[in-house]
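The values are calculated or read from the model by the stated rules, or taken from the named source; none is laboratory data. Fair warning: this is a prediction, and the values are worked out from it, not measured in the lab. As a convention, Cβ positions derive from the backbone with ideal geometry for all residues, glycine included, and neighbour counts pool all protein chains shown. Accessible surface areas use protein heavy atoms only, side chains included; no ligands, DNA or RNA. Shrake-Rupley method; radii C 1.70, N 1.55, O 1.52, S 1.80 Å.
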Amino acid sequence: MRDTRESRLLLVLLIAIAFALITVDIRGGEQSPVDGARRAAATVFGPVENGVSAAVDPIGNAIQAIRESGDRHDRISELERENAALKTELGSDERNRSKVRQLDKLLRTAGAGQYGIKGAQVIAIGAAQGFSWTVTIDAGENDGIRRDMTVLSGDGLVGRVTTVGPTTATVLLATDPDFTVGTRMESTDELGFAKGQGDRPLSVQMLNGKAKVKKGDRMVTFGSQGGKPFVPGVPIGEVVRVDPSDGGLTRTVHLKPYVAFTQLDIVGVVVQAPRTDPRDKVLPEPPKAKPTPTVTVTVTPGVNGENGQFAPQGEYEQRASDVGEGAAGEDPAAGEEPAPADTRAPDARRNDQE
């Protein structure tokens, strides 16, 4: 297309329409007038995302090798090397073991909370319909997935389903600024509301401004009526900071999520809520405090010669050494009265000696 005045006006008009649609979508929230178009897009592009996620990884490096190679021979050699590397990566035992660990942890979490789940895998990050913190999973209406269902992993709360297509669904992550979930503190049952803050810890408004909260306290989902959009008892995270109380009706604390949102792979969509609230059963056992070693000093008593009393062994030995020194270095007769002088005549003394 030539760069003419008409083409420029058309471009400006398209940009204005795009921004108008984004504004209407954000302000509309759950009742957005473009929700129907979003669902249609999910229906059309969902299968494409599935196919692309399965096909792009194996051929992406090959295409890059073709573009960067200088001649035909180099391209073939590079492709052969890339093909061998891809086969090794796809058949990696470590990757398979990682998936098995994630699935096992997810099943144990679901079992602890008595959640009926549908397993799914994250196939795309982000969404075409806006700037939200979202992921796309490879399960949709055909798998029993519906809007406003809780999504969790083996570690805890991931988010909730917002848009559903026949074979895929979009999940709004708990880190999204528009995400809000009711919370309940372990043991004390203090209630609050957690909001996403992007890559920062979740912000929780405690309903009780005088609530006793400390670093390390843990929180779970409070639950919604009918289990939608949130089922109760799903671990959310633990407190990392408590803002000073200003005497108001509420109090703000900051929660570090259990889930690593940059490493999402295997997740579960709760298709059946538990019959009873699991309370804190889904939370892992708190780490046990390591015992602090103590040193005990035992004093062995010794006999003190005075009045038949006991004295510490060290004192007894010291006194014994003092006695030894006196025996070795002093005259044993020291302190005794001298014998009377012999005043007899020398002849008498000589006779006694003979």
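Points to keep in mind about this one:
- Residue in region 223-246 that is more than 28 Å from Gln272 (Cα to Cα) and of a type in the set (Gly, Ala, Ser) present: yes
- Residue count, region 175-230 (criterion: out of contact with any strand residue (DSSP E or B) (no Cβ under 9 Å at 6 or more places or on another chain) and closer than 17 Å to Val270 by Cβ): 2
- Of all residues in region 134-160, those satisfying the criterion of being touching a Pro at 6+ places or on another chain (Cβ under 8 Å) and within 20 Å of Ala260 (Cβ to Cβ) are Thr150, Asp155, Gly156, Leu157, Arg160.
- Sole residue being free of Cβ contacts under 8 Å to residues at least 40 places away in the same chain and of a type in the set (Asp, Glu), chosen from Asp138, Asp199: Asp199
- Residue pairs meeting the criteria (Cβ under 8 Å; at least 6 apart or on separate chains; first surrounded by 10 or more Cβ atoms within 10 Å (Cβ to Cβ), in region 12-23; second not polar (S, T, N, Q)): Leu21/Val34; Ile22/Gly130
- In region 103-148, residue modelled with the lowest pLDDT [restricted to those that are among the aliphatic types (A, V, I, L, M) and open to solvent by 80 Å² or more (accessible area, probe 1.4 Å)]: Ala128
- Of the residues making up region 67-102, those that are surrounded by 11 or more Cβ atoms within 10 Å (Cβ to Cβ), at pLDDT below 70 and over 41 Å from the mean Cα position of the chain (by Cα) are Ser69, Asp74, Arg75, Ile76.
- Within region 163-187, the residues that satisfy the criterion of being in a strand (DSSP E or B) and within 21 Å of the chain's Cα centre (by Cα) are Val171, Leu172, Leu173, Thr180, Val181, Gly182, Thr183, Arg184, Met185.
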